[in-house]
Each structure stands twice: as C-alpha cells, then as structure tokens.
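The values are calculated or read from the model by the stated rules, or taken from the named source; none is laboratory data. Worth saying up front: this structure is predicted, and the values here are computed from it rather than measured. Don't worry about glycine lacking a Cβ; one is built from the backbone with ideal geometry, like all the others, and counts go over all protein chains shown. Ligands, DNA and RNA are stripped out before the accessible areas are found, and what is left, the full protein with its side chains, is counted by its heavy atoms. Shrake-Rupley method; radii C 1.70, N 1.55, O 1.52, S 1.80 Å.
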Amino acid sequence: MARVPTVTGMVETDQLGTTLIHEHLRNADEAVHEQWPIAGAVKEDEPYEVPPEQVFDIAVREAKAAVDLGIKTIGEPTAMFLGRDVDFMRRVSEDTGLQVLACTGIYTYDHLPTFFVSRTPDLIADLFVRDIEESVQETPIRAAFIKCAADEPGITENVEKVHRAAARASLRTGAPIMAHSRPASQTGPRQVEIFLEEGVDPAKVQIAHTGDSTDLEYIERLLETGVYIGLDRYGLEMFLPYEQRNQTALALLERGYAERMFISADSCATIDWFPHPVVEQMLAAGLAKDWDIRIVPQRVLPDLRAGGMTEEQERTMLIENPVRWLTGG
Ligand SMILES: [Zn+2]
C-alpha cells in the first residue's frame with residue numbers, strides 16, 4: 001500500500017481516514033514575527049490577535065475539536081510567507097492525534113525575495129524537492145504536497161515562476177500540487193495551463209478556492225481538464241455566502257463530479273493578517289461566519305446530506321479523494 005508523509009511519520013493511505021484537505025493550524029508571516037517576536041501580542045482572550053505564547057494552545061484546541069468531530073487528518077497548506085513551521089505542526093499533532101500533512105511551496109500573489117527573482121524555476125524546484133524527499137527545516141518531517149498561489153494580480157512573472165517550480169518538483173517527486181486560485185480573476189484556467197505545459201498529470205493538481213464561484217461554466221471548464229477543485233472556504237462569507245457554496249456543491253455532485261471535489265474551510269486557528277478592531281468590524285459586517293475547523297463536520301456535511309449528498313459521495317470527497325490526489329490515482 002502507498003504511504004504518505006505526515007508530520008509524525010509515514011502513514012499508510014488507508015489510515016488517513018476522514019480528511020479536511022485545506023486547514024491551517026497557524027497563519028503568521030514569518031519575516032514579521034522573526035523581526036518582531038512580540039507582534040500580535042495585544043490583549044489576551046482576543047480571538048484573532050493573541051500573544052505568541054497562546055498561538056500553540058489555540059492550535060491544539062482547534063485540532064482537538066476537529067478530532068472530536070471525527071476528522072482524522074488535515075492538509076496543512078501553510079507555505080512560505082504564511083509562517084510554515086513543521087515542528088509546530090508536529091507538536092500539535094502529537095498533542096491531539098490529528099494527522100497533519102505538511103506542504104512545501106511559496107504563497108505569493110506576486111512578490112518574491114531577490115533570492116528567488118534571481119534564480120530559475122529549476123533551482124526553486126530543488127528546494128521543494130528537498131522538502132519532499134529529505135527534510136523540511138532540518139527536521140525528519142517531509143512535505144506531502146506543493147503549494148503555490150495566484151490571486152488578484154493574476155499570473156505575474158513571479159507567480160508563473162513559482163507555478164513552474166511547483167510543476168517541476170511535482171514531476172520529479174510525484175507529489176501533488178495545491179494551487180490557491182481566485183475565481184473572480186479567472187486565474188484557474190491559466191494555472192492549469194501552466195501545469196499541463198510542464199507535463200504534470202492533471203490528477204495531481206488541485207485548484208483551491210474554486211468554490212468561491214457559483215459559475216458552473218467556469219468550474220466545469222476546470223473540471224474538464226481533469227484537475228481537482230477545492231470547495232474549501234466555508235465560513236468566508238466575503239467571498240461567497242454559505243448557502244450559495246452548498247448550492248454549487250450540490251449542483252456539482254448532481255453532475256457527477258464527486259471524484260474531483262474537496263470540501264474544506266481554509267480555516268486558520270490564528271491569523272495575523274488584520275489587527276483586532278478590523279477583525280471585529282469584519283465579523284460585525286458578516287464577512288465571515290463560523291469560519292473555523294468545525295464548520296465542515298458540524299454544519300456543511302449535515303446540510304449537504306439534507307440536500308441530497310449520498311453516503312458514497314461523502315466518502316469519495318472526504319476519504320478517497322485525498323488518497324487519490326496524494327498518490328496520483
Ligand atoms: Zn489556505
């Protein structure tokens with residue numbers, strides 16, 4: 001049986017179980033927190049702006065909640081610029097029993113350090129390959145997949161370079177790719193095109209955040225290429241309200257796409273993107289609601305079942321697709 005690397009070691013694929021493919025245990029820019037270790041330390045008991053020493057405890061609390069709701073594994077797409085720290089993931093996993101798949105890759109909408117601007121995609125791929133085959137951050141932990149991103153600025157030169165590096169690392173290792181996309185900017189088709197140009201099997205590609213769109217024509221155009229899609233931002237009302245996410249998911253299930261769909265929330269146990277007053281305003285304005293690791297098992301799955309999702313479709317999306325995507329099935 002195929003095995004995949006988790007942050008606590010190699011696991012046989014039949015042990016992955018119910019998997020949320022896109023959840024973050026922490027989201028914090030590494031440069032900011034390296035330079036200002038106290039950043040984010042404003043008040044205790046503030047939900048989104050917490051002292052650094054509480055960040056771990058909150059990640060454990062969230063991971064435990066997921067385990068209690070029947071989740072066995074998460075894909076943790078915290079790459080460079082989101083504060084990847086695989087040792088942090090390992091400690092959370094050991095404290096909770098939640099299996100965690102770490103990634104390699106770069107999360108950028110355009111900016112790259114000169115270090116990468118001056119290097120070729122192949123040299124960047126070398127670093128990704130090392131994470132996948134040997135060691136991430138000088139730990140025994142290996143990356144299970146490759147992350148890249150395209151957003152509002154589109155496929156800029158730097159973004160294309162990271163996509164090509166991701167593609168080449170995937171070709172060299174067999175590791176799959178998760179590409180953050182922005183349907184509102186129609187980034188998905190061009191992202192897929194780059195991967196296919198590089199020779200990547202579409203069954204190794206997941207276009208994340210496709211579920212931010214209700215445009216079935218756009219979504220089916222992606223699915224026709226053979227890639228997976230992420231319906232993976234439940235709770236982020238600012239991109240698409242909950243009900244519309246479920247309507248789109250049910251329409252796609254009806255059209256027979258269960259084998260290419262992932263359901264997740266892109267939750268972050270903690271996130272440093274906004275100061276606390278802004279978060280309060282955003283919550284008050286309804287821009288996010290129930291946006292946490294619980295939302296899929298607690299709300300989404302029961303609602304999809306009520307809407308007609310079969311047991312088999314649920315099993316396909318939550319248990320079988322992660323294995324097939326990770327192992328190239
Ligand atoms: Zn994410």
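Quick notes on this one:
- Restricting the stretch 81-103 to residues that are more than 16 Å from the ligand (Cβ to nearest atom) and charged (D, E, K, R), the residue that is surrounded by the most Cβ atoms within 10 Å (Cβ to Cβ): Arg90
- In the stretch 50-80, residue modelled with the lowest pLDDT [restricted to those that are surrounded by fewer than 20 Cβ atoms within 10 Å (Cβ to Cβ) and assigned to a loop (DSSP other than H, G, I, E, B)]: Pro51
- Annotation note: of Arg233, Arg245, Arg221, the sole residue that is within 16 Å of the ligand (Cβ to nearest atom) and not in a loop (DSSP other than H, G, I, E, B) is Arg245.
- Residue check, Arg221 open to solvent by 40 Å² or more (accessible area, probe 1.4 Å) and among the basic types (Lys, Arg): yes
- Any chance Val136 is closer than 19 Å to Leu326 by Cα, touching a helix residue (DSSP H, G or I) at 6+ places or on another chain (Cβ under 9 Å), away from the ligand (no atom under 16 Å from the Cβ) and part of a loop (DSSP other than H, G, I, E, B): yes
- Considering Ser181, Ser170, the condition of being within 26 Å of Ile74 (Cα to Cα), open to solvent by less than 40 Å² (accessible area, probe 1.4 Å) and within 16 Å of the ligand (Cβ to nearest atom) is satisfied by Ser181 alone.
- Residue check for Asp290: within 16 Å of the ligand (Cβ to nearest atom) and open to solvent by 20 Å² or more (accessible area, probe 1.4 Å): no
- Residue match in the stretch 154-171 (condition: more than 26 Å from Val227 (Cβ to Cβ) and free of Cβ contacts under 8 Å to residues at least 24 places away in the same chain): no
- Residue within the stretch 262-269 that is in contact with a Phe, Trp or Tyr (Cβ under 6 Å, 6 or more places away or on another chain) and assigned to a helix (DSSP H, G or I) present: no
- Yes/no for Glu314 being of a type in the set (Asp, Glu), open to solvent by 20 Å² or more (accessible area, probe 1.4 Å) and assigned to a loop (DSSP other than H, G, I, E, B): no
- For Thr73: the one exception among (1) over 13 Å from Cys268 (Cα atoms); (2) in contact with a Lys or Arg (Cβ under 7 Å, 6 or more places away or on another chain): (2)
- Qualifying positions in the stretch 154-179 - of a type in the set (Ser, Thr, Tyr) and either part of a helix (DSSP H, G or I) or touching a Ser or Thr at 6+ places or on another chain (Cβ under 7 Å) (or both): Ser170, Thr173
- Going through (1) of a type outside the set (Val, Ile, Thr); (2) in contact with a Gly (Cβ under 7 Å, 6 or more places away or on another chain); (3) free of Cβ contacts under 8 Å to residues at least 24 places away in the same chain one by one, Leu222 falls short only on (3).
- Restricting Ile194, Ile124, Ile106 to those that are open to solvent by less than 30 Å² (accessible area, probe 1.4 Å), within 14 Å of the chain's Cα centre (by Cα) and free of Cβ contacts under 8 Å to residues at least 60 places away in the same chain reduces the list to Ile106.
- Positions within the stretch 104-122 being within 15 Å of the ligand (Cβ to nearest atom) and over 17 Å from Pro140 (Cβ atoms), in sequence order: Gly105, Ile106, Tyr107, Thr108, Tyr109
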